[in-house]
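What follows is a single structure, written as structure tokens, with notes after it.
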Amino acid sequence: MATRNLRCAAIALTALLAVALPASAQLVSKKKDEPPAAPSAIEIRAEPIPAFDHRDPSRRRFGKLDFRGGLVLTSPFREFGGISSINVAADGMNFLAASDRSWWLRGRITYAGTRPTGIAGAEMAPMLGPDGRTLASRRWYDTEAMARDGGTVYVGIERVHRIVRFDFGKDGLTARARPIEVPAAFRSFPNNGSVEALAFVPRGTPLGGTLIAVAERGRDRAGDHLAFLIGGPRPGAFTIKRRDDYDVSDATILPSGDLVILERKFGWTTGLYIRARRIPIAEVRPGALVDGAVLFEADLGQQVDNMEGISAHRSGGETVLTMISDNNFSPLQRTMLLQFSLAEE
């Protein structure tokens, strides 16, 4: 109990500082020269998480999810950490992630059976702007959300209320950001509460080709989350029912087509909670207020941290959800990669 309380307090303090400090103060001190644009091969050490529940290590089912395994990730590379979004490829191994300091991370998840065991072939590189300068040098940071459409990658930049597009299929980690048009409502978002989640609806479906964006603290008069359908056949705004004081931290589209949102909340007396909800994609349309069933909920009695990224893929006939945490570059927090399979899918 004491260990969990200490970790809870550490996460709370770090999160509080992250909100209170100016964004520029949160960046790692840089030399006068910008970091090289070329990708850097990095070492990532992985400590296995054999059990998800501290109280019952034999437990595997949590809500509608079965725990497959997890890793605590560390690296001597100074830019490693702060992972705020992840996209795992259909092969379940290759992944692309983004840190909130505008750096790419890509690599390959290794497995023993269905249990993740490590990260291989890891590389990091700074995200580049339209002119080839790094996004961080333009003060385009807090890159909190990412979605992928084949070779195109979209990234949401919270502090400047922008979404940018990268031709990742052509240029990989050296691709340059191209801003896309966003709804006018983005300009009204709080400075540290803008776009937090992005999900791309696969083509060939009723909403195919649509980019879904969800604001962290942009809410309507009823207090529900503002969300937007950008591009696609039916662009417009909708809302997601806010329940139990949770905020949205990321989103993904299941292979079956439904939208899953990852949520978190913290209270000084209640601690840290993580939750995932499934929203039927058929209910998502302009003007709608959508809600969804809880897939799972966890607290510091389980192996969680500040979970900010979620991705879905199919493997061996199962739908697999991969989650990753943002450690806020704090030694008191952890970068965790967790995998679950969706039961009854």
Original post:
For the range 232-252, which residues satisfy the criterion of being out of contact with any Ser or Thr (no Cβ under 9 Å at 6 or more places or on another chain), β-branched (Val, Ile, Thr) and within 24 Å of VAL320 (Cβ to Cβ)?
Top reply: ILE240, VAL248
Subject >> Failed item, numbered, when GLU344 is tested on (1) assigned to a loop (DSSP other than H, G, I, E, B); (2) farther than 19 Å from ARG59 by Cα; (3) touching a Lys or Arg at 6+ places or on another chain (Cβ under 8 Å) >> reply: (2)
Original post:
For ASP66, are the conditions met, namely being among the charged types (D, E, K, R) and part of a loop (DSSP other than H, G, I, E, B)?
Top reply: no
**OP:** State yes or no: is ILE109 of a type in the set (A, V, I, L, M, F, W, C), modelled with pLDDT under 95 and surrounded by 17 or more Cβ atoms within 10 Å (Cβ to Cβ)?
**Re:** no
Original post:
Can you name the condition, by its number, that ALA51 falls short on among (1) aliphatic (A, V, I, L, M); (2) assigned to a loop (DSSP other than H, G, I, E, B); (3) at pLDDT 50 or above; (4) closer than 29 Å to TYR154 by Cα?
Top reply: (4)
**OP:** Look through GLY223, GLY218 and report the one residue that is assigned to a loop (DSSP other than H, G, I, E, B) and at pLDDT below 95.
**Re:** GLY223
Subject >> Only listed residue being in contact (Cβ under 8 Å) with a residue 24 or more places away in the chain and touching a helix residue (DSSP H, G or I) at 6+ places or on another chain (Cβ under 7 Å), chosen from LEU262, LEU254, LEU272, LEU295 >> reply: LEU272
**OP:** Filter the range 178-210 down to residues that are under 19 Å from GLU263 (Cα atoms) and assigned to a strand (DSSP E or B) and give me whichever is farthest from the chain's Cα centre (by Cα).
**Re:** PHE200
Original post:
Wholly within the range 86-130, which strands (runs of 3 or more DSSP E) include no fewer than the required count, namely at least 2 residues that are of a type in the set (Gly, Ala, Ser), under 23 Å from ALA145 (Cβ atoms) and in contact (Cβ under 8 Å) with a residue 40 or more places away in the chain?
Top reply: 94-99, 115-126
**OP:** Would you mention how many residues in the range 137-148 are surrounded by fewer than 24 Cβ atoms within 10 Å (Cβ to Cβ) and either touching a Leu at 6+ places or on another chain (Cβ under 8 Å) or farther than 21 Å from ASP250 by Cβ (or both)?
**Re:** 4
**OP:** Answer yes or no as to whether MET307 is surrounded by 21 or more Cβ atoms within 10 Å (Cβ to Cβ), within 20 Å of HIS54 (Cβ to Cβ) and touching a Phe, Trp or Tyr at 6+ places or on another chain (Cβ under 9 Å).
**Re:** no
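The values are calculated or read from the model by the stated rules, or taken from the named source; none is laboratory data. All values derive from a computational prediction rather than experimental measurement. Positions of Cβ are backbone-derived with ideal geometry, glycine not excepted, and every protein chain shown enters the neighbour counts.
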